[in-house]
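Just so it is clear, none of the values below were taken in a lab; they were calculated from the coordinates. Predicted model, so just to flag it, every value in this text is computed and none were measured.
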Amino acid sequence: MSRNTQFLGRLQLFSKGNAINEGLIPPGTYGIPESDKKIVKLGNSIDILPLARRLKALDLSDKEAIIANYDATSDEFKEIAAKSEEQDSMCMYGMSVMYGMYGTSFLVFERSTGRFLEFFCGTKSTRPVAGDIAVFLPLTASQIDAKKANNNGDVDVSQMKQMKTHGPQTCTLNVQIAKNNRSYCGKKNDGSVRHKPAGERACA
């Protein structure tokens, strides 16, 4: 567990909030918040190299003492995850957040800036994106063996046999903005910004 100490820059998709209202960054844009008045704008399409991931939960109920927990089996993590279902009007660097956030935190290398950054898929709208990004992570022989050992029929045996070790692969994150309440991936949406990962191979 750590408390409110940032050593790594944060990559974020800005869709609404104070930063957009104040003209710091356009909606539907990826950026790196440097302060509450400065954001490095990256655009609506960026190339990242996913290097590693871990689960993370953030307790944002006290902005003076933000709590980060990385143990998904702990009671604190589970409590924060439950809090994340309770919508609130808190905003952090232009992103509407909840009292609690949880999901997958990726260590990525962003090509245009040449920076290592954290990309945290911790909201209801970003958590599904984590699975798409994960397929571009490095895959080791031991990980393949573990996948085969834990396969309960979710993955076809022939696909398992085709798995090969590889290093991190480039993933392009694009933004799609659905307008006029049209459907997106078979679901109705409210015009909010959506991620659309793309890369050298189809996202799982």
Report summary line: Amide H neighbours of VAL135 at under 5 Å, excluding residues fewer than 5 places away on the same chain, with H built from the backbone geometry, are ALA204
**Report entry** Once the Cα gyration tensor of segment 107-149 is diagonalised, semi-axes √(5λ) in Å
**Finding:** 24, 17, 7
